[in-house]
Every structure is written in structure tokens, then in C-alpha cells.
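Data first, discussion second: the structure below is written as C-alpha cells.
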Amino acid sequence: MTGFLTLFHKEILRFRKVMLQTVGAPILTALLYLLIFSHVLEAHVQVYPGVSYTAFLMPGLIMMSVLQNAFANGSSSLIQSKISGNIVFFLLAPLSYLEFFLAYLFAAMVRGLVVGLGVAVVGAFFTELRIEHPLWILAFALASSAVFGCVGIIAGIWAEKFDQLAGVQNFAIVPLTFLSGVFYSIHSLPAFWQAVSHYNPVFYMIDGFRYGFFGVSDVDPWHALAVVLPCLAVLAGATLHLLGAGYKLRH
Amino acid sequence: MAAAIRVRDLAKRFGLLEALRGVDLEIGQGEFFALLGPNGAGKTTLISILAGLVRASAGEASVMGYDVVRQYREARRALGVVPQELVFDPFFTVRETLRFQSGYFGIRDNEAWIDALLHHLGLADKADTNMRRLSGGMKRRVLVAQALVHRPPVIILDEPTAGVDVELRQTLWGFIQDLNREGHTILLTTHYLEEAEQLCERVAMLKDGRIVALDRTENLLRGEAEHRLELRLSPPALPESLRPRLLQEEDGVFHLRLADYGELEPVLAELRRCGARVEGLCVSQPDLEEVFVRIMRGAA
């Protein structure tokens, strides 16, 4: 237990020591999206009746920040440790791979949730955010940050250089999060893209999360959770399997 | 009593490269043991398997009787490794680094021992300095301290003195010798053969993934029974009768083979008889470096 707690604490401390970059920057980015999109679209788009576009945008931006930062934490920590070689410090230690996994996962979730909370707090200055079902908000925030925490750990284990990690980030994570209803309801899409969106698990994360705020969504939140939780189970299993097998870590 | 380190028929293949080809080795508790060999001989691979960083293709390895794969937690608790590369975490100070390392080994409150380590390794005034700001030698000391936070009975040092100044080398060896006297088993790899000769009771030499020599240091040196007589003569010519003893001639210095000191007098008498005057003379005993060079050549 001490081993797990130490590694978890170390991971938290790592991003806390560079908070401007790991927490401040993503909050500012989300704020910029909020200002620009709400300025351009506020008068033209109303997705749900009685919900302003700026308010509609907020949960999407919060969730996008949660996901991107949960991914970034584990992946960048692991690749830095691998490239600088200091990963050897905990590979030499008697940590079980479950402890290793949970420490990185929880730290990634904390980073994602802290950034998400930051975006929510800053966003509250610009729009009034209703909270209809706080438990749904919590459930989707936890489950979704865990999913992307796993993806980040897998990417961090797999990548051998920063370039590869940037590739995953820019060609998979960003498009996946952007094209999932952060900025729009998929009902506004042509039928084909609407159908495609239903195969994007991130769509369900954002949709379910948004339901928690407004009590309306594109799909039923139970349905959304029934997509997200199996994703989490599969990815967590895959991550544990890779760690147990020592993939790219123990040769 | 379990061996500190036991390795049976250990093999490791990286793709086409056979880094280890069936190594057997047993190191007893309390030994000071040297693992020598040229670059690429498999030393670091062997150490990495013991540490659990690399998985063997075949064979078994154990530390203090614990299998490094099946009982990895016990095996790793019994082992402290000072890695060859100068690695550090730039986010943290020296003390934070040592606290984290203690925590990884499940030790909660380790301040007294951390302070003792900092003191012994001359790091006390660097405790709150960020790792980035330390010199190479200081970083090396922190690596040694990190390997010792959990007081492991077996300590492996992989080329700990590469690129390290004389003062640190002496501090380090003094400290490691103290640990050895307290009962810790030490396994050392180094390119400085005089260090191995001075410090280690037993030596294994590795070449191309195989052990080509394994014996007590004194036996290896005794195997190299011959002494060497270096002569500078005037006129600079070696009498024909002494030719069979000639090992090499270098810058006018003749290196002659001597079985022992008893042969010195007859050689000098022969020189006198031939009218050669001795301008310089030196008798040297064999050292581990010569043994090493001979074995590495022979084991081709």
C-alpha cells in the first residue's frame, strides 16, 4: 500500500510542480474556446430549449479538458521517465503492476478532474450553469477520466519518443474529443455523420455528462454509461495486461 | 544458507543477438565479487535480469534464495542496484528522491537512515538541492544512496566509478567496504581492473555471454605465475642467450619473463658476462589486467 501511495503522491507532485503548464494552460485554452465560440454562435444556435449556447458548450468543454488532461498526465509522465531513464527507480522496486497501474490511473484522473473543475469555475463567470443531476456528472467525470487515463498509460508505455506521443495526441485524442459533440449536438449533423458519431465512445461521455447539467441529452444517460463502462473495463484490462507482461518496460 | 545470488544456465536473446549463453554463477553471502568483461560481454544484461529489468530467455536467477520472477517482491527487496546510467528525476530534490525511493520499497518513515546515507556519501549539504543542479559525481552519489534506502543485503554496482573523480572513488569504496564488512554482499562491475583486484575476493570474467574465468582473485593472479623483468641496457642489445625470455621490446626496454625472483640473479650474471651494463631495472608482478587480457584473447 505504501508503494502505491508513494507512486501516486509522486505523480501528483510531478504535475503540481509545473501547474502553470499542466493545469493553467488547459484552463486558458478552454476559456478561449468558450469566448470565441459563444461570441460567434450565441445568437444563432440553440440546441436545447431554454439552454443558451454558452451554457450548452460548458459541459462539453469541461469534459474535453478532463479527457485530454487525463490522457496527458500518464502519457507524458511515462515517456519522460522512459526517455530520461528514471523509470528504473520504480521498476527496481517491489511494486506490483496493479499498484503501478492504480497510481498512474488515479493521478491521471486527479489531473483531469482538477482541470475540469478549473474550467467549470472560470466558465461560471461567463454563464450560469444549471446542475440537474450531480451524481450523473460525477459518474461520467470519474468513468471518462479513467478511460482516458488508461489510454494515456497505454500510449506512454508504447511510445518510444515524444514524436509518437504527439502523434497519438494530435491524430487520435484531439479529433476524437472534438468530433464528439463538444461544440454541437449530433442531431444537427447529417444522418451519416450522426450514425458515425454513435461509434465514438467520447460522444457518450460528453452526452451523459451534459445530461447531468441540463437533464436533457441526445441519448439516455444509462445507455451512455452502458457504453462508457465496458470501454473502461476493456482498457483497464488491456493496461494491466501490458504492465503484467512488462511490455516495452521489462525487456 | 541461501546464496546471495544464484544464476543457473541463464540465457538471454535480443532478436538475433545472444547476450547471455548459459551462465552459471553462485555468489555467497558476504562476498565482494567482481564481474568483469569487455563492453557487450553481457554484464549489464546479467545484472538487469537479477534486478527484474530484463526477462531471461531461459534459465533461473535468484537473490537471497528468492526467484527474481516468481518471488519478485522478495527478490527486489533483497537487492539494491546502482545503475550504470546517470539517471535522475529532474522534478525533485535529493531528499524527495530518497523519500520516494523508500516509499516504493514500502518504507514509510525513513528519515534517520536517509540522513545517515546523506552523511556517509557527503550529500548532507545537498539534501534540499534539486537533482538538476547537482554535478555528475553528486548525482552518482544519490544513485548509490537510492540503492541503499531499503538496506538491501545484496548490492549491485554497475560501473559505479565510470567518470568519477579520485576523491569520490575513495569515499565510495570506503563506504562500500564498510557495508561489506557489516555483511552486505557486493557485486561489482568495473572497467578499472585495479579496483577489482584491490577490493574483490572473487572474480568472474564474462565474454560473449559466457563465463570464461571464475576464481578467487589471488588464484587468478597466481595462474599468471610469471613476473616480468624490464631492463634498459647499454649498449641497447640483449645477449642472445637471454632471447628465449624476451616477451617484448619497447622503446629500448626489454621485457623478460621470470618464473620467480630466484631467476633474477642468473639473468644479471649473464648480462655481466656479456658486458651489458644495466641502466634501468624493474620487476613487476602480474596484475589482473594482464590476466584479463590473456583470458580475453584466449577465449576467442
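Since every read-out is calculated from the coordinates, none of them should be taken as a lab result. Predicted, not measured: the structure shown is a model, and the values here were computed from it. All Cβ positions, even for glycine, are placed from backbone atoms using ideal geometry, and neighbour counts span all protein chains on display.
At a Cα cut-off below 18 Å, give the aspartates and glutamates reachable from A:LYS161, other chains included and same-chain residues fewer than 8 away excluded. Partners found: B:ASP89.
The length gained on full extension between B:ASP67 and B:ARG8, counted as 0.36 nm times the residue separation minus their Cα-Cα distance, comes to 20.1 nm. Note on A:ALA238 and B:ARG222: with the Förster distance fixed at 60 Å, the Cβ-Cβ geometry gives a FRET efficiency of about 0.55. For the residue pairs A:LYS17/A:LYS248; A:LYS10/B:LYS12; B:LYS12/B:LYS139; A:LYS17/B:LYS139, the alpha carbons lie more than 25 Å apart in A:LYS17/A:LYS248; A:LYS10/B:LYS12; B:LYS12/B:LYS139.
Model label sites at A:ILE131 and B:ASP260, defined 7 Å from Cα along the beta-carbon direction, differ in position by 9.2 nm. Label positions at B:LEU247 and A:LEU98, each projected 7 Å from the Cα along the C-beta direction, are separated by 6.1 nm. Applying 1/(1 + (r/R0)^6) with R0 = 56 Å to the Cβ-Cβ distance of B:ARG297 and B:ASP115, what FRET efficiency is obtained, to the nearest 0.05? Efficiency computed from Cβ-Cβ geometry: 0.70.
Projected label points at B:ARG232 and A:GLU42, each 7 Å from Cα along the beta carbon direction, are separated by 9.4 nanometres.
For peptide B:63-73, the mean count of partner chain Cβ atoms within 10 Å of a residue's Cβ comes to 1.
Restricting the trypsin sites (Lys or Arg not before Pro) of the range A:108-196 to loop positions (DSSP other than H, G, I, E, B) with no more than 15 neighbouring Cβ atoms within 10 Å leaves A:ARG130, A:LYS161. Estimated from helices alone, the mean residue ellipticity of chain B at 222 nm is -10000 deg cm²/dmol (sum of -39500 (n - 2.57) over DSSP H runs with n ≥ 4, per residue). When you filter the GluC sites (Glu not before Pro) in the range B:143-199 for DSSP loop state and at most 10 other Cβ atoms inside 10 Å of their Cβ, you are left with B:GLU182. In the Gaussian network model of chain B, springs joining C-alpha atoms below 10 Å, which of B:ALA259, B:ALA75, B:ALA269 carries the largest mean-square fluctuation? Residue with maximal mean-square fluctuation among B:ALA259, B:ALA75, B:ALA269: B:ALA269. Annotation: extensible slack from B:GLN198 through B:GLU60 equals 46.6 nm (criterion: 0.36 nm per residue apart, minus Cα-Cα distance). Rank A:ASN69, A:ASN200, A:ASN170 by mean-square fluctuation in a GNM of chain A with C-alpha springs under 10 angstrom and give only the top-ranked residue. So, out of A:ASN69, A:ASN200, A:ASN170, the one fluctuating most is A:ASN170. Separation of the range A:36-70 from the range B:269-300 is 86 Å, based on Cα centroids. Please work out whether the range A:184-228 counts as rounded, prolate or oblate from its C-alpha gyration tensor, where a ≥ b ≥ c are the square roots of the eigenvalues and a/c under 1.5 means rounded, while otherwise a/b larger than b/c means prolate and anything else oblate? Oblate. Our summary gives chain A a relative contact order of 26 percent, counting only alpha carbon pairs under 8 angstrom and 6 or more residues apart.
The mean sequence distance of close C-alpha pairs (under 8 Å, at least 6 residues apart), as a share of the length of chain B, puts its relative contact order at 20 percent. Largest GNM mean-square fluctuation among B:HIS255, B:HIS191, B:HIS120, using chain B with Cα springs under 10 Å: B:HIS255. Among the residues of B:105-116, the average count of other protein chain beta-carbon atoms within 10 Å of the residue beta-carbon is 2. Please give the residues of the range B:30-66, grouped as numeric ranges, whose backbone N is less than 14 Å from a label point set 7 Å along the Cα-to-Cβ vector of B:ASP24. Inside the label zone: B:59-60. When you filter the chymotrypsin sites (Phe, Trp or Tyr not before Pro) in the range A:151-246 for DSSP loop state and at most 14 other Cβ atoms inside 10 Å of their Cβ, you are left with A:TYR199.
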